[in-house]
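A short worksheet on the structure shown next.
Each value in this text was obtained by applying a stated rule to the coordinates, not by laboratory testing. Remember, it's a predicted structure, so these values are computed and weren't measured experimentally. FYI the Cβ positions are ideal-geometry reconstructions off the backbone, even for glycines, and counts take in every protein chain you see.
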């Protein structure tokens, strides 16, 4: 792995994962800086890749937020025992897609090593040494890390990779629906088809730098680089159509945080141990966890003013219900009557009496009022749910709440409602399913 260099793609604007990718109106938070189970995505990725033997990285950024937020998290890698460089600002301004960024920085840094190109909003289980060995054995120009997923999981979400029995890629289908998948494979009934496992592109690639340099001067490549030039949409189909050896390599589990349902699915998969590498990283951070309960000792020892008991004592007496797997950060105050199940609670949060949180993630510093019900939802930093026993707050079915939002008692939100940061959600508001509230004027429309 000493001859492999990582190229991290951090040029997106996080539109599909808003409002979590917003710190305030008009101010982006890099997806690489998003928290997942108490750790930034960039930390997850670097730990996973470092465990696979990689120590040299270039982060390809576009936009000041991506660059400086990532740099504030990992710097130049000294504390992690790796080397991290960043794409120059001049190239960031000019690049017109992920493939263009890779080609430009390949020459800027005079890279001769094999590239491992990875997104900064996804995590995977991967044996990188085995992938590299197969890449070399095939003499591949590009090897695509492919996860095998059921057709129902792929439909509308991921691109299909079509390969022969030797793994050589023959084509791609961009986010097909279930009917297109059935037509493509001649599948029978949907019940049978849903059990089939197909290769999907995870966005992780090994690339031969010599081949990339060879194609830079091709007129069609030069033309695409003037407009839009993405790896998955443009570079790989062009290489396959021009008979370059592109191969698929099957890996283990994958997960991404590209949208709210995917974020929650990935979080739950890690909590349930469906990943090997991320699970081992969690185990290192919570060596004393038992039966899926990952609770910081500062929280176990913290009392609440109502009962005067520590969380450990309340758990022993059955005054709170915590159903694993659950991860709870530092200095979280949990009152009697609380129920937590398959969830993540950020540092310094307060969970008041009789609140219920299921399959959800609560951001650091959030205040969850009495009798709140949260299910399959995401909260950002320092959210205040001012619920009361008489007028509870309810969030269900993929609701996402941005940083520092205040929600008054009696409010019910469900079915994909998104609330942008620093807004106040007043009592009596009725926000329809799938609405995205970006400002106070929009909020007033639903009063």
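The figures follow:
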read-out	value
Inter-centroid distance (Cα atoms) of the stretch 211-277 relative to the stretch 379-447, Å	35 Å
The chain - mean residue ellipticity at 222 nm from DSSP helices (-39,500 (n - 2.57) per run, n ≥ 4, rounded to 500)	-7500 deg cm²/dmol
Relative contact order computed over the stretch 68-170 (Cα-Cα under 8 Å; 6+ residues apart), in percent	9 percent
Where labels lie 7 Å past Cα in the beta-carbon direction, separation of residue 341 and residue 397 in nm	1.8 nm
Footprinting exposure proxy for 182, 93, 389 (fewest neighbouring C-beta atoms within 10 Å first)	93, 389, 182
The chain, relative contact order [Cα under 8 Å, separation at least 6], %	12 percent
Simple label model, 7 Å out from Cα along Cβ direction - residue 3 to residue 316, nm	5.9 nm
Antiparallel %, DSSP beta bridges [both residues in the chain], to 5	30 percent
Estimated FRET transfer efficiency (residue 223, residue 388; beta-carbon r; R0 60 Å; 0.05)	0.45
Residue-span extension gain [residue 307 to residue 415] - 0.36 nm each, minus C-alpha spacing	35.3 nm
Gain upon complete extension [residue 216, residue 94; 0.36 nm per residue less C-alpha separation]	42.3 nm
Average Cα contact separation per residue, the stretch 334-412, under 8 Å, 6 or more apart, as relative contact order %	23 percent
Estimated FRET transfer efficiency (residue 164, residue 439; beta-carbon r; R0 60 Å; 0.05)	0.70
Residue-span extension gain [residue 113 to residue 173] - 0.36 nm each, minus C-alpha spacing	18.6 nm
Ranked 146, 96, criterion: other C-beta atoms within 10 Å, fewest first	96, 146
Label-to-label distance, nm, for residues given as residue 430 and residue 446 (7 Å Cα→Cβ offset)	1.2 nm
For 71, 170, 314, order by how many other beta-carbon atoms lie within 10 Å, fewest first	170, 71, 314
In range of the label at residue 24: residues from the stretch 393-418 whose backbone nitrogen is under 20 Å from the point 7 Å along Cα→Cβ	401-407
Relative intensity, log₁₀ I(q)/I(0), of the stretch 292-445 from a Debye sum that treats every alpha carbon as a point, q = 0.14 Å⁻¹	-0.61
